[in-house]
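Report on one structure; see the data block that follows.
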Amino acid sequence: SQQGEEDPQALSIQEGENATMNCSYKTSINNLQWYRQNSGRGLVHLILIRSNEREKHSGRLRVTLDTSKKSSSLLITASRAADTASYFCATDSAGGGNKLTFGTGTQLKVEL
Amino acid sequence: SAVISQKPSRDICQRGTSLTIQCQVDSQVTMMFWYRQQPGQSLTLIATANQGSEATYESGFVIDKFPISRPNLTFSTLTVSNMSPEDSSIYLCSVRGGQSYGYTFGSGTRLTVV
């Protein structure tokens, strides 16, 4: 079963605006990861945040993790049309045998 | 991080037939993972393939339907057997990229069963 729930399911914004996606999960984790998928193709790893970290940055991406609430958020600043894609969170659970469990995903559309 | 070559990228198959998907990794890896992504859905893990042992299947997936081979540390195949239209999905292989690097995915195989 899917562990992560993401919201919103779909998000449409204008280029230059910020996009925020949220992810909730159910069990203890080693880390949480965010991936991007363009048009049903392979997934691209964006960023990994460990369970003992609260915030991480990579370029225009900012990820937060709140283990007490079992939630994470991905912020994309100054969005571009090329950011249009589906975004998935995935958890590497403690005792999970190196398996990733994916969230339901957020479809982001950035319009010119 | 590892680079994965996945083939075929897409196929249209008749029901009742089988399709074998290949993944080649440019480095040796202990575990390879196979996922299914049904239309408009998220990824679901099918099985974990270890070299030298039988694959470990997740609940709802069985070896007769999704046989997996792992002949060496750089290669794996997933076969989708006796296909029906419900098997129409994207199938992806993946390897772990290390503690801080997340996972690397193949480009996916888009399967349509008619």
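A few remarks follow.
- Within the range B:26-48, tally of residues that are more than 10 Å from chain A (Cβ to nearest Cβ), more than 29 Å from A:T106 (Cβ to Cβ) and either β-branched (V, I, T) or assigned to a strand (DSSP E or B) (or both): 1
- Taken over the range A:55-112, the criterion of being within 11 Å of chain B (Cβ to nearest Cβ) and assigned to a loop (DSSP other than H, G, I, E, B) is satisfied by A:G96, A:G97, A:N98, A:K99, A:T104, A:G105.
- Evaluation of A:N52 against the conditions (1) part of a strand (DSSP E or B); (2) of a type in the set (S, T, N, Q); (3) within 14 Å of chain B (Cβ to nearest Cβ); (4) farther than 29 Å from B:Y91 by Cβ shows that the sole unmet condition is (1).
- Restricting attention to the range B:1-14 and to residues that are within 12 Å of chain A (Cβ to nearest Cβ) and modelled with pLDDT of 95 or more, the residue that is surrounded by the fewest Cβ atoms within 10 Å (Cβ to Cβ) turns out to be B:R10.
- Any chance B:G97 is surrounded by fewer than 20 Cβ atoms within 10 Å (Cβ to Cβ), of a type outside the set (K, R) and at the interface with chain A (Cβ under 10 Å from one of its Cβ atoms): yes
- Here B:S107 fulfils each of the conditions (1) surrounded by fewer than 18 Cβ atoms within 10 Å (Cβ to Cβ); (2) within 10 Å of chain A (Cβ to nearest Cβ); (3) without any contact (Cβ under 8 Å) to a residue 60 or more places away in the chain apart from (3).
- Selection status of B:Y101, assigned to a loop (DSSP other than H, G, I, E, B) and either over 10 Å from the mean Cα position of the chain (by Cα) or at pLDDT 95 or above (or both): yes
This table checks each residue for (1) without any contact (Cβ under 8 Å) to a residue 40 or more places away in the chain; (2) over 22 Å from B:F105 (Cα atoms).
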site	(1), (2)
A:R54	yes, yes
A:S86	no, no
A:S93	no, no
A:Q107	no, no
A:E111	no, yes
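- Screening A:V44 on (1) under 24 Å from A:V110 (Cβ atoms); (2) open to solvent by 20 Å² or more (accessible area, probe 1.4 Å); (3) away from chain B (no Cβ under 14 Å) shows it passes everything except condition (3).
- Among the residues making up the range B:15-62, those that are open to solvent by 50 Å² or more (accessible area, probe 1.4 Å), over 13 Å from the mean Cα position of the chain (by Cα) and farther than 16 Å from B:I90 by Cα are B:R15, B:T17, B:D26, B:Q28, B:T30, B:Q51, B:G52, B:S53, B:E54, B:S59, B:G60, B:V62.
- Pairing residues of the range B:55-78 that are closer than 18 Å to B:T30 by Cα with residues that are β-branched (V, I, T) and open to solvent by 70 Å² or more (accessible area, probe 1.4 Å), at Cβ distances under 9 Å and at least 6 apart in sequence or on separate chains, gives B:A55/B:I63; B:Y57/B:I63; B:L73/B:T30.
- Residues of the range B:63-79 that turn out to be open to solvent by 60 Å² or more (accessible area, probe 1.4 Å) and assigned to a strand (DSSP E or B), as a count: 2
The values are calculated or read from the model by the stated rules, or taken from the named source; none is laboratory data. Only a predicted model underlies this, so the values are computations on that prediction, with no experimental measurement involved. All Cβ positions, glycine included, derive from the backbone under ideal geometry; neighbour counts span all protein chains shown. Please note that ligands, DNA and RNA were not included when accessible areas were found on the heavy atoms of the full protein model with its side chains. Shrake-Rupley method; radii C 1.70, N 1.55, O 1.52, S 1.80 Å.
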